[in-house]
Structure formats: C-alpha cells, structure tokens
C-alpha cells in the first residue's frame, strides 16, 4: 500500500504549498524540485486553493472551488437512477446536427444453408496439398499428413 501522494503544485502555489508542508508535524518532504510526497492522511487537510491546478499522482486536480473562481456554470443534474432521462429541447442540439441519411441498399437476406459436401468440394477445389486417406483431412505438407496419420490413425 502506498503511504504517500505525490503533489506537484502550480508554479504560483509552490511557495505557499512549501509553507504548508513545513507547518506539518513531521514536515512533508519533497521528492523533486517541484513535487512533494504528502502522507495520505494529511492530503485531505491541504487547503483547496493550494491544490487548484496541481498534479496529484500525475493527474490534474480539479475542484468545485476552481469552477467558481473561473466562473464556470455547472447545471444541476436531474434524474433518478433507473428512470428514463428527460427529453432535450431542439435548441440543445447544435445547428449542424442532422439526421443520418437512410442507406440506399437493401439488407442482405440470410444465405441458404449449404451441405457439408458442397463446402468440402469448395475447399477441395482451393486446396492443392495432400489429404489423409482415412478421414480426407487436407494438409499443407506431406510431413503434416504423416504426423496426423501416426497420431490419429495408429491402426492404419
């Protein structure tokens, strides 16, 4: 189990983050000139403004406070698990969203079931190698056929 979370604060937050790290008992250590190894139990105590935009274990940290600071509007989510989603008005779709054209070809009918003999004759026409004399199995080489004969038909 990993006991540390690697936090790389933004350039503007490095000095304030280092101040917070030095205030902890024991101090939070650095792992590179830009990153800190924060014990997992202290991570939840890091002030939110110090984490905004930071890399946490290689992933960008995003918080609700960041959206408020940037003025990003996030609508309330509606719906209950297991129920259908509400219908969207036509204005929700972009102007270039058009229905796909219907294909101008008919779907293929199911192919009729062929007999095994006709399938074998088709393969026989394509196959140029040797066959087993006991079971008519095709092989790419005589060596493969002979090995098959010794293993599958030892009585022959």
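Of the residues 154, 86, 112, 94, the single one that is in a loop (DSSP other than H, G, I, E, B), surrounded by fewer than 10 Cβ atoms within 10 Å (Cβ to Cβ) and either modelled with pLDDT under 70 or touching a helix residue (DSSP H, G or I) at 6+ places or on another chain (Cβ under 9 Å) (or both) is 112. For the stretch 12-23, the count of residues that are free of Cβ contacts under 8 Å to residues at least 60 places away in the same chain, in the same structural domain as residue 63 (by TED's automatic domain parsing), under 31 Å from the mean Cα position of the chain (by Cα) and closer than 21 Å to residue 63 by Cα is zero. Of the residues making up the stretch 30-56, those that are surrounded by 12 or more Cβ atoms within 10 Å (Cβ to Cβ) and under 13 Å from residue 4 (Cα atoms) are 30, 31, 35, 36, 37, 38, 39, 42, 43, 56. Summed over the stretch 17-29, residues that are surrounded by 15 or more Cβ atoms within 10 Å (Cβ to Cβ) and either touching a strand residue (DSSP E or B) at 6+ places or on another chain (Cβ under 6 Å) or in a strand (DSSP E or B) (or both) total 2. When residue 74 is tested against the conditions (1) modelled with pLDDT of 70 or more; (2) part of a loop (DSSP other than H, G, I, E, B), the lone failure is (1).
The values are calculated or read from the model by the stated rules, or taken from the named source; none is laboratory data. Bear in mind that the values here come from a model prediction, so they are computed numbers and not experimental data. Glycine gets a Cβ as well: all are built from the backbone with ideal geometry, and neighbour counts include every protein chain shown.
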